[in-house]
Amino acid sequence: MAKGTVTYDFSGKTAVVTGGAMGIGEAAVRRFAEAGASVAIADIDADKGKQLEEQLRSQGCRVRFLKTDVGSESDVKQLMDEAVGWTGRIDAVYNNAGVAIPGDVATMSEEDWQRVLNINLGGVFRGCKFSLPHMEKQGSGAIVNCSSTQAIHGFHGWAGYAATKGGILAMTRQIAIDYASKGIRVNAVSPGTIMTPMNEKIFEEVEDPQALIDTWNRAHPVGRFGQPSEVADLVMYLCSDAAAFITGQTFVIDGGQTIRGE
Ligand SMILES: NC(=O)c1ccc[n+]([C@@H]2O[C@H](COP(=O)([O-])OP(=O)(O)OC[C@H]3O[C@@H](n4cnc5c(N)ncnc54)[C@H](O)[C@@H]3O)[C@@H](O)[C@H]2O)c1
């Protein structure tokens, strides 16, 4: 366990993580599992999801891979129903799955716009929609939705993606209001640049990856990217009883990226 990591006790609880096979989602799956939760790993990538399931089971963790496309209403409904069928409850949901589709408004195709909207914003909508009734029956639950610093400040060429991440913040506040009296808390995290396969893919596509890495490192006043486990720790805190008085909020985790004035 990393230096400074806080441990939580999620034994007897069930967590669902979308996009849980890789990157930030994978780190959250590991944290929840290590904390004793039963974890449903929901991902569109069955190979990676099953690999992670196998690895964590061999370590004695209680995890289950459920192939899910968050862009599909029936898939997400089935995911939440199967999680409840498996353990009888859903205590924490991390709506993490997302895709990075670049493009400014004038050049982005209608197809790309619909795709990024459907997966990023639609995926969070469905993750909330189909877990909330189960949480309402229990009278408790915590949801964390994954936004981005792109919801807060601008970058060239990412209008569609940024719009989905801004929508997630607005929707998070509304759902938090609707469900606060039912014992359910809903918050959002807005990560800065985190080293995951999503960004590795971007680096592979540019001419000078090191130049881009240096630029992105400099964009964070702490001088480096974030690690997936650092976001996972924040998600764990927000899903834990330590955050019982926190709902409807956005937590920026960005090494100071959004506070710099130059
Ligand atoms: N990495 C960053 O710098 C960064 C910064 C801010 C926000 N985010 C957000 O964090 C979240 C996770 O990003 P990441 O960097 O770990 O991404 P990643 O691409 O490394 O991993 C994303 C995971 O989601 C899965 N996925 C993709 N589409 C899916 C779908 N339709 N249904 C189910 N699963 C699907 C992928 O298979 C993969 O396992 C995303 O919402 C992303 O927008 C990432």
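The values are calculated or read from the model by the stated rules, or taken from the named source; none is laboratory data. This structure is a prediction, so every number in the text was calculated from the model and none was measured. Here the Cβ is made from the backbone with ideal geometry for all residues, glycine too, and neighbour counts use every protein chain on show. Note: areas computed on protein heavy atoms with side chains; ligands, DNA, RNA excluded. Shrake-Rupley method; radii C 1.70, N 1.55, O 1.52, S 1.80 Å.
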Criterion: open to solvent by 10 Å² or more (accessible area, probe 1.4 Å), within 12 Å of the ligand (Cβ to nearest atom), modelled with pLDDT of 95 or more and not in a helix (DSSP H, G or I) - qualifying residue of A106, A97: A97
Residue count, segment 144-165 (criterion: open to solvent by less than 30 Å² (accessible area, probe 1.4 Å) and either part of a helix (DSSP H, G or I) or touching a residue at least 60 places away in the same chain (Cβ under 8 Å) (or both)): 9
Qualifying residue in segment 152-160 (condition: touching a strand residue (DSSP E or B) at 6+ places or on another chain (Cβ under 8 Å), closer than 21 Å to G25 by Cα and within 16 Å of the ligand (Cβ to nearest atom)): no
Check on V116, away from the ligand (no atom under 11 Å from the Cβ), in contact (Cβ under 8 Å) with a residue 12 or more places away in the chain and out of contact with any strand residue (DSSP E or B) (no Cβ under 6 Å at 6 or more places or on another chain): no
Residues satisfying the stated conditions in segment 31-54, i.e. under 15 Å from A92 (Cβ atoms) and within 13 Å of the ligand (Cβ to nearest atom): A40, I41, A42
Selected residue (criterion: least open to solvent (accessible area, probe 1.4 Å)) from residues of segment 172-215 that are away from the ligand (no atom under 14 Å from the Cβ) and assigned to a loop (DSSP other than H, G, I, E, B): G183
A92 being in contact with a Phe, Trp or Tyr (Cβ under 6 Å, 6 or more places away or on another chain) and either under 20 Å from S131 (Cα atoms) or surrounded by fewer than 23 Cβ atoms within 10 Å (Cβ to Cβ) (or both): no
Residue match in segment 2-11 (condition: open to solvent by 10 Å² or more (accessible area, probe 1.4 Å) and free of Cβ contacts under 8 Å to residues at least 12 places away in the same chain): yes
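When the residues of segment 220-241 are narrowed to those that are free of Cβ contacts under 8 Å to residues at least 40 places away in the same chain and open to solvent by 10 Å² or more (accessible area, probe 1.4 Å), which ends up farthest from R260 (Cα to Cα)?
From segment 220-241, those free of Cβ contacts under 8 Å to residues at least 40 places away in the same chain are 220-226, 230, 241; that's our starting set.
Going one step further and asking which of them are open to solvent by 10 Å² or more (accessible area, probe 1.4 Å), we end up with 221-226, 230, 241.
On the way: P221: 7, V222: 11, G223: 12, R224: 14, F225: 15, G226: 16, E230: 21, D241: 32 Å.
Result: D241.
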